[in-house]
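Structure incoming, see below.
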Amino acid sequence: MSRIDGLPPLREVIAAHGLSARKSLGQNFLLDLNLTAKIARAAGTLDGVNVLEVGPGPGGLTRGLLTEGARHVLAIEKDHRCLPALAEIAAVYPNRLEVLEGDALKVDWDAHLTPPIRIIANLPYNVGTRLLVRWLTPRAWPPRWQSLTLMFQRETAERITARPGTRAYGRLTVLAQWRCKARVVMSLPPKAFTPPPTVSSAVVHMTAMPEPAFPADPEMLERVVAKAFNQRRKMLRTALKNLAPDIEDRIIAAGLVPTDRAEHVTVGGFCALARVIADGPGNAF
Ligand code: SAM
């Protein structure tokens, strides 16, 4: 029994329920309950907070979230083999854990949780970025969630938190940093997981800003940024030439340098350019 919650250690849970890890589901489990509690704490206070967790698996992080005081955890798990193990956790925390079996890309979780909401997960790597992009692009801002605390491959964490002028700086960086404060709060070596993945991992904590850091139309910003980074080695005036007939003038009007490359343009710079293109006559949209 675990000292923390009276439930069996995770190795026993995995053995009892035959949860051999499946690569196709991105299953790299965290078995150290001290570590999962630490990840839960990295999300900030959980008192009175409702949590969305994607991919609870055998429930290591889920147990961390509950012991750290989450009011309610909604956990979406695709692997039906994990459900009996999760039901055992739910029995120890009456009315605090709800498990939905399904694909997090398809389940509509909105109706199940009321704010304040934090999203906390050790994400399956194969769908992690897609889920993040979805959470970062809700129909209206601010989103229903107040923070995202997510485990990614180290390389993805670096893309989210990158600074201009670095190789990691790109489309995902601008999308994340336009409306969130993002930082890496924990780094984990492969051996922290069972089975160990081939690469290192990191936990990124993102808090939603009440308003975007700079004004811009989300769709226009996304188009400008996508075009700029699709040809990241080209100068802005070349990479963006189909966006507007007088793109070079507009780049200058936005305070940018037409011969610069996308990775040197700050988030504020991209927003200024999106505004100038949206405001000017004859843009391509
Ligand atoms: N949270 C557990 C932990 O930290 O030990 C497991 C994390 S493991 C990296 C990813 C989990 O996501 C697995 O349990 C896997 O079955 C689940 N999963 C994979 N794809 C999913 C999807 N599309 N929707 C929901 N869960 C998914």
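The values are calculated or read from the model by the stated rules, or taken from the named source; none is laboratory data. Quantities reported herein were computed from a predicted structural model and do not represent experimental measurements. With ideal geometry, Cβ positions are generated from the backbone for all residues, glycine too; neighbour counts draw on all protein chains shown. Calculation scope for accessible area: heavy atoms of the full protein, side chains included, ligands and nucleic acids excluded. Shrake-Rupley method; radii C 1.70, N 1.55, O 1.52, S 1.80 Å.
Could you grab me the full set of residues in region 1-52 that are over 20 Å from Lys191 (Cα atoms), among the hydroxyl-bearing types (Ser, Thr, Tyr) and open to solvent by 50 Å² or more (accessible area, probe 1.4 Å)?
Thr45 - this is the single residue of region 1-52 that is over 20 Å from Lys191 (Cα atoms), among the hydroxyl-bearing types (Ser, Thr, Tyr) and open to solvent by 50 Å² or more (accessible area, probe 1.4 Å).
For region 139-154, enumerate the residues that are open to solvent by 40 Å² or more (accessible area, probe 1.4 Å), touching a strand residue (DSSP E or B) at 6+ places or on another chain (Cβ under 9 Å), more than 11 Å from the ligand (Cβ to nearest atom) and not aromatic (Phe, Trp, Tyr).
Pass one, region 139-154, residues open to solvent by 40 Å² or more (accessible area, probe 1.4 Å): 139-142, 144, 146, 153-154.
This time we only want the ones that are touching a strand residue (DSSP E or B) at 6+ places or on another chain (Cβ under 9 Å), so: 141-142, 144, 146, 153-154.
Still in the running and more than 11 Å from the ligand (Cβ to nearest atom): 141-142, 144, 146, 154.
Matches in region 139-154: Pro142, Arg144, Gln146, Arg154.
Continuing with this model, one more query. Going by the conditions given, is Thr129 modelled with pLDDT of 95 or more, more than 11 Å from the ligand (Cβ to nearest atom) and in a helix (DSSP H, G or I)? It would help to see each step written out before you state the result.
Working: modelled with pLDDT of 95 or more: yes; more than 11 Å from the ligand (Cβ to nearest atom): yes; in a helix (DSSP H, G or I): yes.
It is true that Thr129 is modelled with pLDDT of 95 or more, more than 11 Å from the ligand (Cβ to nearest atom) and in a helix (DSSP H, G or I).
Based on this model, can you work out whether Pro8 counts as more than 18 Å from the chain's Cα centre (by Cα), at pLDDT 95 or above and part of a loop (DSSP other than H, G, I, E, B)? Show your work before the answer.
On the way: more than 18 Å from the chain's Cα centre (by Cα): yes; at pLDDT 95 or above: yes; part of a loop (DSSP other than H, G, I, E, B): yes.
Criteria met by Pro8.
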